[in-house]
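Note sheet for the following structure.
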Amino acid sequence: MIPSYIKLKNSNELSLRVDKLYELMKECKLCPRNCKAKRFEKRYGVCRSTEQIYVSSLMTHFGEETVLVGWNGSGTVFFTNCNLWCLYCQNYDISHLKNGEPVSVQQLAEAMLSLQQLGCHNINLVTPTHYVPMIVESLNIAAEKGLNIPIVYNCGGYESVETLKYLDGIIDIYMPDIKYSDNRNSKKYSGVKDYWDVARKAVIEMHRQVGDLKINNFGIAERGLLVRHLVLPNNISGSEKVLEFIANEVCIDTYVNIMDQYRPCFKAKFFPELNRRITESEYQYVLDYAESLGLHRGFGKYEKLLIT
């Protein structure tokens, strides 16, 4: 399957999208915070970013979902900073403490090409939201030089539908988290008061663009939606409502990675309800509930069957 951005590049539409995305960043409204920061004037947005891209690492990653990793790995770009303020973030040194190095648009394009040359099955953009215009500009350069593997948009789910529409036909695989189904919890633990309302609209738009996850005969994802949901202790994530939304409002065939790897990090120690790992019974309950809704891709025994 030829990535859709190749068609946009050939028609010059990719260049036009770059211009439109930069326009959104002048007084920044790339993400739902709409903080209107003048990032081109070196003023930080809520994401603590200007127009300069910062990257923490570029790597062939084997720790992602099986359908992304394959046998050669996922070509992962970890961007610094984030539009969320999750106080339990496991990558807080990147998202909160800004550990990373500045890179140019040209350097990012060359990095994408290098990852492809290493045999990676995709380019996996981790926390890309606040750098979208520069990323698409880099992608345009890389596509001119031969980039032709799928692009994965690996995000926290707090996305602007307006920005996502400019990514239609550019992103091959959307991989959002759905962190909460309760805005009170999103405000308390991630610093956004409307996460649940925003994330639902964003995920529906992502699914409209790319549909359900398509996996080729070699077990590698080529296009579609892959949703992640991290189970938090004491049901802080509101897993039942998250799964009901996916099953009833997105699609019963949605590929859902229900994750059990939560551990207390960063400031979680100050919140007793977060200051422990989840129990086996908490995790199993969420798996069973997903199955009871008819969800059947990407988790539990279904993922094990795919691997074997």
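Bear in mind that the values in this text are calculations on the coordinates, not laboratory data. Predicted model only: the values in this text are computed from it and were never measured. As a convention, Cβ positions derive from the backbone with ideal geometry for all residues, glycine included, and neighbour counts pool all protein chains shown.
For the stretch 4-12, what does the Karplus curve 6.51 cos²θ - 1.76 cosθ + 1.60, with θ = phi - 60°, yield as ³J(HN,Hα) per residue in whole Hz, taken in order and with x for Gly and Pro?
5, 5, 5, 5, 5, 4, 5, 9, 6
Using modelled backbone amide H atoms (1.01 Å from N, in-plane), which distant-in-sequence or interchain residues come within less than 5 Å of M259's amide H?
H229, L230, V231
Per-residue counts of other Cβ atoms within 10 Å, averaged by peptide: what ranking do you get for 254-260, 208-214, highest first?
Working: 254-260: 21.3, 208-214: 18.0.
Averaged packing, sorted descending, gives the order 254-260, 208-214.
Calculate the spin-label point distance for S15 paired with E101, positioning each point 7 Å from the Cα along the beta-carbon direction, and give it in nanometres.
Distance between the two pseudo-spin positions: 3.1 nm.
Grab the beta carbon distance between E110 and Q261, set R0 = 35 Å, and tell me the FRET efficiency rounded to 0.05.
Values: r = 32 Å, r/R0 = 0.92.
That gives a FRET efficiency of 0.60.
Give the distance, in whole Å, between the Cα centre of the stretch 191-269 and the Cα centre of the stretch 1-69.
If we compute the Cα centre of each part, the gap is 21 Å.
Tell me which residues come under 5 Å, amide H to amide H, from N99 once H is placed; ignore anything under 5 positions away on its chain.
I94
Whole-Hz ³J(HN,Hα) for each residue in the stretch 139-152, computed from phi via Karplus 6.51 cos²θ - 1.76 cosθ + 1.60 with θ = phi - 60°, x for glycine and proline: what do you get?
Taking θ as phi minus 60°, the curve returns 4, 4, 5, 5, 5, 4, 9, x, 5, 8, 10, x, 9, 9 Hz for the stretch 139-152.
How high is the FRET efficiency between N34 and W71 when r is their beta carbon distance and R₀ equals 41 Å, given to the nearest 0.05? If you can, show how the numbers build up before the last one.
Details: r = 42 Å, r/R0 = 1.03.
Approximately 0.45, to the nearest 0.05.
Picking from C28, G75, L108, whose Cα lies most toward the positive end of the charge dipole for the stretch 4-307 (charges on Cβ: Lys, Arg +1; Asp, Glu -1)?
Of the candidates, C28 comes out farthest on the positive side.
Within 10 Å of each residue's Cβ, count the other Cβ atoms and sort W85, W196, W71 from fewest upward. It would help to have the intermediate numbers written out before the result.
Numbers: W85 17, W196 22, W71 10.
Neighbour counts put them in this order, fewest first: W71, W85, W196.
Want the number for D93 to K201: 0.36 nm per residue separation, take away the alpha-carbon distance, what's left?
Values: separation 108, 0.36 × 108 = 38.88 nm, distance 2.93 nm.
Gain on extension, D93 to K201, equals 35.9 nm.
Using the number of other C-beta atoms within 10 angstrom as an exposure proxy, rank T50, T80, T279 with the fewest first. Could you put the intermediate results ahead of the total?
Working: T50 19, T80 27, T279 12.
So the ranking, lowest neighbour count to highest, is T279, T50, T80.
If each residue's Cβ is checked for other Cβ atoms within 10 Å, how do E13, E23 rank with the fewest at the top?
Numbers: E13 15, E23 12.
Ranked by crowding around the Cβ, least crowded first: E23, E13.
Report the residues of the stretch 244-270 in range of a label on N234: point 7 Å along Cα→C-beta, backbone N strictly under 20 Å from it.
260-270
Packing-wise, with mean Cβ within 10 Å as the measure, how do 225-231, 292-298 rank, highest first?
Output ranking for 225-231, 292-298: 225-231, 292-298.
Which residues' amide hydrogens lie under 5 Å from the amide hydrogen of T80, considering only partners 5 or more residues apart or on another chain, with H built in the peptide plane?
It is Y54, V55, S56, by chain and number.
Within the stretch 170-188, which residues have the backbone N less than 17 Å from the label spot 7 Å out from E244 along Cα→beta-carbon, could you tell me?
179-185
Quote the relative contact order of the stretch 4-307 in percent (integer), defining contacts as alpha-carbon pairs under 8 Å separated by 6+ residues.
On the way: 615 pairs, mean separation 46.5, N = 304.
Reported relative contact order: 15 percent.
Expected output is a single nm value to one decimal: the length gained when fully extending between R208 and T60, i.e. 0.36 nm times separation in residues minus the C-alpha distance. What is it?
Details: separation 148, 0.36 × 148 = 53.28 nm, distance 2.93 nm.
Full extension from R208 to T60 adds 50.3 nm.
Do any cysteines of the chain lack a neighbour Cys whose Cβ is under 4.7 Å away, and which are they?
C28, C31, C35, C47, C82, C120, C155, C251, C265
Which order do the peptides 216-222, 197-203 come out in when sorted by mean C-beta neighbours inside 10 angstrom, highest first? Kindly include the intermediate steps, with their values, before the conclusion.
On the way: 216-222: 14.7, 197-203: 19.9.
In descending order of packing, they fall as 197-203, 216-222.
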